[in-house]
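Here's the structure, in structure tokens; my notes come after.
The values are calculated or read from the model by the stated rules, or taken from the named source; none is laboratory data. Keep in mind that what you see is a predicted model, and the values were worked out from it rather than measured. Note that we place each Cβ from the backbone using ideal geometry, even for glycine, and neighbour counts take in every protein chain shown.
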Amino acid sequence: MIACARRYEIEPTLKLRPFDALAESIAYQQLSGKAAATIWKRVRAIFPKRKFLDPKIVLETPDERFRAAGLSRSKVAALKDLAAKTIDGTVPTARAMAKMTDDEIIERLVQVRGIGRWTVEMLLLFELARPDVWPVHDYGVRKGFAKIFGKRKLPTPKQMTNHGKRFAPYRSALAWYCWRALDGAGKLEP
């Protein structure tokens, strides 16, 4: 598998504050990448002079402005809840996250409307580059795992948890290779 895919390369990219990264995640949920990118660009255009979103200004912005940009009512509610929970400290800063365990971060962030475990796991993997994230509910990871290990049936999240134990503390790399297994059309042999 490693010979077929390029080397595992996930570097910490937290160029955005957790608020910004999670706000973008909310906008992208359940949409194609192209549609989500268009909507997110419109949301960002609401605040043209700001490199980063300001939670206080997001709360003050009328819902109709976000709706006009293409966000659904539930996504607007989630974005506003994220802003409120960033202000009240429920959403930790990047500096605070650096000192927290994955489980502590998950526990805090799933308190935000519209943010589930999967969204936090993607933040941990791709923004914070945590080494031992194993997103057992991710369809792509499950399907890639089945392909790599020759499983006929898609493993359940419980089975994935059990299979993943032997790869700790490097399950992020395993997840990455599971996704890469789906990139190619055919066999995994070099």
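Yes or no: MET160 under 22 Å from PHE52 (Cα atoms), crowded, with 19+ Cβ neighbours inside 10 Å and either under 16 Å from the mean Cα position of the chain (by Cα) or not assigned by TED's automatic domain parsing to the domain that holds GLU24 (or both)? No; evaluated as a whole, the condition is false for this residue. When restricted to residues that are more than 18 Å from ARG180 (Cα to Cα) and modelled with pLDDT of 95 or more, segment 115-142 contains 4. Scanning segment 30-73 for residues that are among the β-branched types (Val, Ile, Thr) and touching a residue at least 12 places away in the same chain (Cβ under 8 Å) yields THR38, ILE39, VAL43, ILE46, VAL58, THR61.
Of the residues in segment 76-90, not one is modelled with pLDDT under 95 and either at positive phi or part of a helix (DSSP H, G or I) (or both). Taken as a whole, the condition of being buried (at least 21 other Cβ atoms within 10 Å of the Cβ), in contact with a Leu (Cβ under 9 Å, 6 or more places away or on another chain) and either farther than 25 Å from LYS41 by Cα or of a type in the set (D, E, K, R) (or both) does not apply to ILE115. The set of residues from segment 128-141 being surrounded by fewer than 21 Cβ atoms within 10 Å (Cβ to Cβ) and in contact with a Ser or Thr (Cβ under 8 Å, 6 or more places away or on another chain) comprises ALA129, ARG130, PRO131, ASP132. Number of residues in segment 46-75 that are among the hydroxyl-bearing types (Ser, Thr, Tyr) and either assigned to a helix (DSSP H, G or I) or within 19 Å of LEU31 (Cβ to Cβ) (or both) equals 2. Only helices (runs of 4 or more DSSP H) whose full extent lies in segment 95-156 are considered here, and the ones with at least 2 residues that are closer than 26 Å to LYS80 by Cα and in contact with an Asp or Glu (Cβ under 9 Å, 6 or more places away or on another chain) are 102-109, 117-122.
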